[in-house]
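The values are calculated or read from the model by the stated rules, or taken from the named source; none is laboratory data. Note that the structure is a prediction, hence the values are computed from the model and not measured. FYI the Cβ positions are ideal-geometry reconstructions off the backbone, even for glycines, and counts take in every protein chain you see.
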């Protein structure tokens, strides 16, 4: 497990985004680097060394968003599994419903001093949020009709 560094913003930002999404009736999801040290996720749902997990209260039980680790019990194809994700392995958090969220650069993992980037769905775009491999859903990815990303960076 990664040691928590004083001053690390990531766990606080993750908790704040999770709370904000939950309070607004949205479904928080995290993007996780499955190759990071200490990650315990069902690898059969990973794609391109990443996994997207639904971390809503409805999809998890015993969820704990600590300074070092996100941990919870979730169901994958009906089978209960314990998931543990070091905070540094989280590449981003977004609301499935709106596509709004925050991305942490992969290069900043372990250093955690890089500024996160806010994301939101581009106005007028009806495409779905990023593809998901979560414990509740396994739907095929929908691609934007234009072939361009439906997310934009907000400064």
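Tabulated results
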{"read-out": "Checklist (1) touching a helix residue (DSSP H, G or I) at 6+ places or on another chain (Cβ under 9 Å); (2) surrounded by 15 or more Cβ atoms within 10 Å (Cβ to Cβ); (3) at pLDDT 95 or above applied to residue 57, failing item", "value": "(2)"}
{"read-out": "From the options 66, 71, residue that is surrounded by fewer than 21 Cβ atoms within 10 Å (Cβ to Cβ), in contact (Cβ under 8 Å) with a residue 12 or more places away in the chain, within 23 Å of residue 9 (Cβ to Cβ) and out of contact with any strand residue (DSSP E or B) (no Cβ under 9 Å at 6 or more places or on another chain)", "value": "66"}
{"read-out": "Single condition residue 63 does not satisfy, out of (1) closer than 21 Å to residue 20 by Cβ; (2) at pLDDT below 95", "value": "(2)"}
{"read-out": "Residues being out of contact with any helix residue (DSSP H, G or I) (no Cβ under 8 Å at 6 or more places or on another chain), under 29 Å from residue 23 (Cβ atoms) and buried (at least 17 other Cβ atoms within 10 Å of the Cβ) - total across the range 33-49", "value": "3"}
{"read-out": "Condition broken by residue 16, with the remaining ones in (1) surrounded by fewer than 21 Cβ atoms within 10 Å (Cβ to Cβ); (2) under 13 Å from residue 88 (Cα atoms) satisfied", "value": "(2)"}
{"read-out": "Residue satisfying condition, being within 16 Å of residue 19 (Cα to Cα), at pLDDT 90 or above and either in a loop (DSSP other than H, G, I, E, B) or touching a strand residue (DSSP E or B) at 6+ places or on another chain (Cβ under 6 Å) (or both), within set 93, 52, 85", "value": "93"}
{"read-out": "Selection status of residue 25, loosely packed, with under 14 Cβ neighbours inside 10 Å and either in contact with a helix residue (DSSP H, G or I) (Cβ under 9 Å, 6 or more places away or on another chain) or farther than 15 Å from residue 89 by Cα (or both)", "value": "yes"}
{"read-out": "Every pair of residues 6+ apart whose Cβ atoms lie under 8 Å, when the first sits in the range 33-55 and is more than 18 Å from residue 68 (Cα to Cα) while the second is exposed (fewer than 12 other Cβ atoms within 10 Å of the Cβ) and at pLDDT 95 or above", "value": "49/35; 51/43"}
